[in-house]
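We did not get these values from a lab; they are worked out from the coordinates using the rules stated. Only a predicted model underlies this, so the values are computations on that prediction, with no experimental measurement involved. We place every Cβ from the backbone using ideal geometry, glycine too, and count neighbours over all the protein chains shown.
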Amino acid sequence: MTKNRLYLKSLTPDGKTGLCGIINVTPDSFSDGGRYNTIETAVAQARHLIAQGANMLDIGGESTRPGSHYVEVEEEIQRVVPVIEAIRKESDIVISVDTWKASVAQAALKAGADIVNDITGLLGDEEMAQVVAEASAGAILMFNPVMARPHHTSATIFPKFGFQDVFSAEELTRFATFDIVDLMWAFLDKSLAKAKEAGIERSQIMLDPGIGFGLTKRENLILLQHLHEIHQAGFPIFLGVSRKRFVVNILEDAGIEVDPETDLGYQNRDIASSHLTSIAASLGVEMLRVHDISYHKMATEIGDAIRLAQGAEDLTLRQYK
């Protein structure tokens with residue numbers, strides 16, 4: 001039995017940028033590993049994120065950070081499904097499951113998830129596209145640079161994504177000559193073809209430019225410069241920049257405290273990430289995947305206000321007291 005289709009462009013019907021709160025049910029995620037890896041702590045965090053203004057929650061049971069390790073399917077299911085079921089008992093918030101494994105996605109959708117957030121863009125598991133299509137679920141398709149150029153220096157520190165090699169040796173050789181924007185589209189074109197073949201409607205799809213996955217600092221920034229191309233192709237954008245390494249590096253180069261063991265360093269990572277959120281909101285990015293809703297809520301309000309300026313009240317502001 002299929003769910004009613006969730007049309008992803010309508011997640012924030014007021015036209016404002018939405019915020020997707022991250023809940024990593026893992027012991028080893030790069031930023032919050034081990035903090036929410038019980039049902040009780042995960043559900044408490046879900047309540048907290050919802051109260052802060054999250055439009056959506058992203059539940060993940062496998063870390064994809066550099067140096068992380070493969071999680072067996074059954075273990076991943078045991079991590080995410082009870083949390084999804086518990087959240088669903090008390091909230092109708094939109095839930096995505098962060099997985100590239102079809103069996104995990106199928107179990108999560110049955111438990112109440114609405115969207116599959118696949119960092120392999122439906123290419124890591126041959127069965128994934130069919131699972132999404134049969135459930136009429138939403139799909140977030142990410143450009144995965146690690147898969148498109150596995151031998152690149154920035155990619156070798158990541159785990160292997162997917163059950164099989166997606167690209168031929170000839171394709172990988174050709175990809176090595178592409179600039180990063182062309183490489184993104186070469187990958188996403190293959191993902192979109194996979195989705196179309198399975199019967200997934202375009203209205204069910206968001207695209208993610210894969211910020212932070214096996215990219216150099218320059219490449220991350222260039223992809224952010226070219227977000228408009230995703231809109232021009234007719235797709236909403238799902239963007240994850242929260243606490244990413246290139247953001248931290250920008251602060252480090254400026255001599256700003258970023259040590260996560262200090263309160264100031266931890267806070268600065270979120271403040272810097274929220275500046276990117278404000279820029280993204282001003283560009284019309286539909287959904288931002290973030291760790292701390294409060295900082296990013298303020299950022300989206302500013303970015304959205306700039307983008308939607310023509311609809312703002314023509315108010316004469318009072319003088320400061």
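Structure above, values below:
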{"item": "Kirkwood Rh in Å, taken over all unlike Cα pairs in region 119-228", "result": "14.2 Å"}
{"item": "Dipole of the chain, positive direction: furthest Cα of A309, P236, V25, with charges on the beta-carbon", "result": "A309"}
{"item": "Estimated distance in nm for a label pair at E134 and E229, the labels positioned 7 Å out from Cα along Cα-to-Cβ", "result": "3.5 nm"}
{"item": "Histogram of C-alpha separations across region 152-285, 5 Å bin width, %", "result": "2, 9, 16, 19, 18, 16, 10, 6, 3, 1, 0"}
{"item": "Cβ-derived FRET efficiency at R0 25 Å, A193 paired with E170, nearest 0.05", "result": "0.90"}
{"item": "Charge tally in the Cβ shell below 13 Å around K297, where Lys, Arg are +1 and Asp, Glu are -1, K297 excluded", "result": "-3"}
{"item": "Subset of K244/K297; K194/K217; K110/K190 violating a 20 Å alpha-carbon distance limit", "result": "K194/K217; K110/K190"}
{"item": "Per-residue HN-Hα couplings for region 92-106 [Karplus 6.51, -1.76, 1.60; θ = phi - 60°; Hz; x = Gly/Pro]", "result": "9, 4, 5, 10, 10, 9, 8, 7, 10, 9, 4, 5, 5, 4, 4"}
{"item": "Contact order normalised by residue count of the chain, Cα under 8 Å, 6+ apart, percent", "result": "18 percent"}
{"item": "In sequence order, calculated HN-Hα J values of region 286-302 (Karplus, 6.51, -1.76, 1.60; Hz; x Gly/Pro)", "result": "6, 9, 10, 8, 9, 8, 10, 5, 4, 4, 6, 5, 4, 5, 5, 4, 6"}
{"item": "Semi-axis lengths (Å, descending) of the ellipsoid that matches the C-alpha gyration tensor of the chain", "result": "28, 24, 22"}
{"item": "Residues listed by number, region 277-294, amide nitrogen under 16 Å from A309 label point at 7 Å toward C-beta", "result": "279-284"}
{"item": "FRET efficiency for D179 and Q319, using Cβ-Cβ distance with R0 set to 51 Å, rounded to 0.05", "result": "0.50"}
